[in-house]
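The values are calculated or read from the model by the stated rules, or taken from the named source; none is laboratory data. Being a predicted model, the structure only gives us computed values, none of them experimental. When we count neighbours, we look across all protein chains shown, and the Cβ atoms used for this are built from the backbone with ideal geometry, even at glycine. These area figures cover heavy atoms from the full protein model, side chains too; ligands, DNA and RNA do not enter into them. Shrake-Rupley method; radii C 1.70, N 1.55, O 1.52, S 1.80 Å.
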Amino acid sequence: MAQIIDGKEVARRVREGIAEETARLREQYGRPPGLAVVLVGDDPASAVYVRNKERAAQEVGFHSEVHRLPAETTQQALLQLLEQLNRADEIDGYLVQLPLPRHIDPQAVVRAISPEKDVDGLTPVQAGRLLLGEPGLRPCTPQGVMELLRSAGVDPDGKEAVVVGRSAIVGKPMAHLLLGAGATVTIAHSHTRKLEEVTRRADILVVAAGRAGLVGPEHVKPGAAVIDVGTNRGEDGKLKGDVRFSEVEPLAGCITPVPGGVGPMTIALLLRNCLEAMQWRSSASSKSPVS
Ligand code: NAD
């Protein structure tokens, strides 16, 4: 029987710590951290994510702004808004909710975000800092996974870790965080042959493929830590992970459920990134690590 990692509880503790730190920063600098979210268009899932981010930011005492723009907004108008946010003193961090309408180039948008306010950790500067092992703002979901491993007492140092998925927002940064923590890391992806032979090496298996039920007991080494990042909407409307939970759970050392595992961590780590962005911006040092 595996230890089931309760992401909701770990996320609650992270948010509690952020609320305390926010009160301290407000005292020190006379203002709270400021987070802005930009939403273009009317994708219903994105609208829910944005509302959740807004609510979470308000709950920990942040200054929170949401910029809702119509789907027909031009790329130029969006870039102008980002320029304003880059200059806004009360905003320490912001993100543009993806996906964007098809007429807008997401790479042009990401490149317009000031790296010091890039709380999603997606700009080339922040991605480069992660690659080089320098301090910086890391993508939220992989950071959330690292927190979950810590909460379960799993230290990656010296372990075999396998990450399934190589996206810029989850798989690649995940692999680099594990590498930085001392793991021997393999990245598997859609071209990997004999996936189960690769994943069975893992002491730590992080699955972020977006394929419901991809990973079963045949993929898992007994006792492994299994972290399921996947969120797939089933035909019944229910959220399903990439891991067949009921089959893998008896074999794993610890495992995250979907929902209630990685999902709640992402917003908590977004808040922490914003707090850190404020600390770096406000620190007197001109050698800010994210400038
Ligand atoms: P993506 O589609 O950009 O990348 C998926 C990756 O999985 C690709 O690199 C692909 O090569 C790999 N892959 C696909 N099929 C595979 C297969 N059969 N075998 C091995 N590898 C395979 O997706 P993403 O943005 O990285 O997200 C991955 C999943 O995580 C999605 O389900 C997404 O909804 C979820 N997600 C959850 C959170 C959260 O907060 N819980 C955050 C981000 C993403």
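Residues in the stretch 197-208: is at least one free of Cβ contacts under 8 Å to residues at least 12 places away in the same chain and more than 22 Å from the chain's Cα centre (by Cα)? Yes; the residues of the stretch 197-208 include at least one that is free of Cβ contacts under 8 Å to residues at least 12 places away in the same chain and more than 22 Å from the chain's Cα centre (by Cα).
Contact annotation: residue pairs with Cβ atoms under 7 Å, 6 or more positions apart or on different chains, pairing a residue in the stretch 12-38 that is open to solvent by less than 10 Å² (accessible area, probe 1.4 Å) and part of a helix (DSSP H, G or I) with a partner that is modelled with pLDDT of 95 or more and β-branched (V, I, T), are I18/V60; T22/V60.
Among residues of the stretch 167-188 that are on the phi < 0 side of the Ramachandran plot, those with a beta-carbon under 6 Å from a residue that is surrounded by fewer than 21 Cβ atoms within 10 Å (Cβ to Cβ) and assigned to a strand (DSSP E or B) at least six positions away or on a different chain give the pairs A175/I187; T184/E160.
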